[in-house]
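Only the coordinates and a few stated rules stand behind these numbers; no lab work does. As the structure is a computational prediction, the values presented were derived from the model and not from experiment. Note that we place each Cβ from the backbone using ideal geometry, even for glycine, and neighbour counts take in every protein chain shown.
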Amino acid sequence: MFNPATKDDLATNLKNSVHELKGDLQHAANQAGRDVRGLVNSAGNEIAHASDRVTSEIRSNPVRSAAIALGAGVLLGAILRR
């Protein structure tokens with residue numbers, strides 16, 4: 001069987017391994033959080049850019065934009081009616 005010194009060494013090694021694992025998990029969680037924040041910021045920038053483009057298109061072609069909106073509304077109404 002194990003002698004007391006071996007048990008103490010094993011317990012110390014286990015504690016050290018758990019501590020290292022905890023640090024690794026915290027680092028991975030922090031990195032994942034940074035990555036998600038970056039993706040959210042990027043998506044927000046893309047949405048703002050798309051919104052600006054749509055606004056510009058509507059202002060430059062109001063009649064065509066109104067016709068497209070009317071057509072989309074009619075199609076959506078027909079789909080929802082069923």
With only helices counted (DSSP H, runs n ≥ 4, each -39500 (n - 2.57)), the per-residue ellipticity at 222 nm for the chain, to the nearest 500, works out to -34500 deg cm²/dmol
Using a Gaussian network model on the chain with a 10 Å cutoff between Cα atoms, which of ALA29, ALA48, ALA69 fluctuates the most? ALA69
Enter the Cα centre distance for the pair the stretch 1-30 and the stretch 44-82, rounded to the nearest angstrom. 59 Å
Roughly how large, in nm² to one decimal, is the mean projection of the convex hull of the alpha-carbon atoms in the stretch 35-75? 3.6 nm²
Please compute the modelled spin-label separation between ILE68 and LYS22, points set 7 Å along Cα→Cβ, answer in nm with one decimal. 5.6 nm
³J(HN,Hα) computed for each position of the stretch 12-19 - Karplus, 6.51 cos²θ - 1.76 cosθ + 1.60, integer Hz, glycine/proline x: 5, 4, 5, 4, 5, 5, 5, 4
Which of LEU25, LEU70, LEU39 ends up with the largest GNM mean-square fluctuation for the chain, with Cα atoms connected below 10 Å? LEU70
